[in-house]
Amino acid sequence: MKLFVTRAIAPEALQLLQDAGIEVTQWQEQRELEPEELIGHCMNHHALLVAGKSKIDRQFLSICHHLKVIALHSVGYDNVDVPAATEHGIPIGNTPGVLSAATAETAFLLMMAVSRKAFYMHRRILNGEWGFTAPMDNLGISLQGKTLGIFGLGKIGMEMARKSIAVYDMKVIYHNRHRNEEAEQTYGAEYVSFEELLSRSDVLSVHAGLSSETKEKFNTDAFRKMKKEAIFINAARGGIHNEKDLVTALNNGLIWGAGLDVTNPEPMQPDNPLLTMPTVAVLPHIGSATVETRTAMAEIAARNIIAGLRGERLPHAVNP
Ligand code: DGY
């Protein structure tokens, strides 16, 4: 059986695939594959492992319906038309759980960095502007005892809650499609409406998936309802905020700061005004990028491929 992989992945996962007798071809170039190139490669393979942004849409699936399994090297699956895959009988696997701590760590890092203007201060040092001794200059805001609002309280949001309570004794409120009883019992998290999440959060951290319900949920209307001292964090999907509206909100003082590990669009262009704002910190979608996490993700993806090629139920399938 032959597998095509859209990026180089951890050697531990390649070993698992090799041990299962699967022949692997990895795309080694830095640039993203063009859609036609991806189709061309898939034509000669039985399975596909998608690491990166390749779109697995209805058109792709109708051409590549011979694929026995598609495994994603991500927990998010907004790049896949899951109903279309299901119609073609193609199981889709993802990598939940193993990246929760690393992704929450990234959101936490952004929250801290924004609260103390850390990225901006670093840029000033590079400009030779060391010497910040004036007592009223360069002030950040303390996170101690503040209210953390979580939009989408699943595994990653739970980790963010745990860290924020442990380090800053923050009060956690959340808005979700469903109540999260575990979070309510373990972290005293309080379920609130979306409007209340906006008006009460000192830090509002997004941990939801991208869907038609969450697309550009954070727009001018939402930013206007937030506290003027609030920090907006997004380490989930850039499409959940409207980036032009975010720039305007920060310029007009509707909110205080923002930390983004995901941008809308990606990649963010170097002339984006967010990159020069003192109370903004931006990272290039590195949420799960630790050696340990990426290895664990690749191993899950490999196990999904092996199961799919054997005609077994995937250990982590997103199809119903
Ligand atoms: C994920 O796993 O969904 C990460 O955001 C990588 O895309």
Report task. Inspect all residues belonging to the stretch 95-110 and state whether any of them is part of a loop (DSSP other than H, G, I, E, B) and of a type in the set (V, I, T). Result -> yes
Report summary line: Taking the stretch 62-75 and keeping residues in a loop (DSSP other than H, G, I, E, B) and either among the hydroxyl-bearing types (S, T, Y) or more than 16 Å from the ligand (Cβ to nearest atom) (or both) leaves C64, H65, H66, L67, K68, S74
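Could you say whether any residue in the stretch 251-273 is away from the ligand (no atom under 16 Å from the Cβ), on the phi < 0 side of the Ramachandran plot and assigned to a helix (DSSP H, G or I)?
Among the residues of the stretch 251-273, at least one is away from the ligand (no atom under 16 Å from the Cβ), on the phi < 0 side of the Ramachandran plot and assigned to a helix (DSSP H, G or I), which makes the answer yes.
Answer yes or no as to whether L17 is more than 24 Å from D78 (Cβ to Cβ), surrounded by 14 or more Cβ atoms within 10 Å (Cβ to Cβ), touching a strand residue (DSSP E or B) at 6+ places or on another chain (Cβ under 6 Å) and at pLDDT 95 or above.
Values: more than 24 Å from D78 (Cβ to Cβ): yes; surrounded by 14 or more Cβ atoms within 10 Å (Cβ to Cβ): yes; touching a strand residue (DSSP E or B) at 6+ places or on another chain (Cβ under 6 Å): yes; at pLDDT 95 or above: yes.
Judged against the criteria, L17 is a match.
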Requested in this report: Filter the stretch 97-107 down to the residues that are surrounded by 24 or more Cβ atoms within 10 Å (Cβ to Cβ) and more than 10 Å from the ligand (Cβ to nearest atom), then identify the one that is farthest from K68 (Cα to Cα).
Outcome: A107
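Give the number of residues within the stretch 76-96 that are within 16 Å of the ligand (Cβ to nearest atom) and free of Cβ contacts under 8 Å to residues at least 60 places away in the same chain.
Of the stretch 76-96, the ones within 16 Å of the ligand (Cβ to nearest atom) are 76-80, 82, 92-96.
Retained after the next criterion (residues that are free of Cβ contacts under 8 Å to residues at least 60 places away in the same chain): 79.
The qualifying residues number 1.
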Report summary line: Pairing a residue in the stretch 138-154 that is assigned to a loop (DSSP other than H, G, I, E, B) with any residue that is modelled with pLDDT under 95, where Cβ atoms lie under 6 Å and the two sit 6 or more apart in sequence or on different chains, gives N138/F132
Query raised in the report: Residues of the stretch 285-309 being within 15 Å of the ligand (Cβ to nearest atom) and surrounded by fewer than 18 Cβ atoms within 10 Å (Cβ to Cβ), which ones?
Result: I286, A289, T290, E292, T295
Report task. Out of the residues in the stretch 166-202 that are outside any helix (DSSP H, G or I) and of a type in the set (V, I, T), state the one that is surrounded by the fewest Cβ atoms within 10 Å (Cβ to Cβ). Result -> V192
Report task. Kindly establish whether A281 is surrounded by 20 or more Cβ atoms within 10 Å (Cβ to Cβ) and of a type outside the set (S, T, N, Q). Result -> yes
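The values are calculated or read from the model by the stated rules, or taken from the named source; none is laboratory data. In this text, all values refer to a predicted model and were calculated from it rather than measured experimentally. Cβ atoms come from the backbone with ideal geometry, glycine included; neighbour counts cover every protein chain shown.
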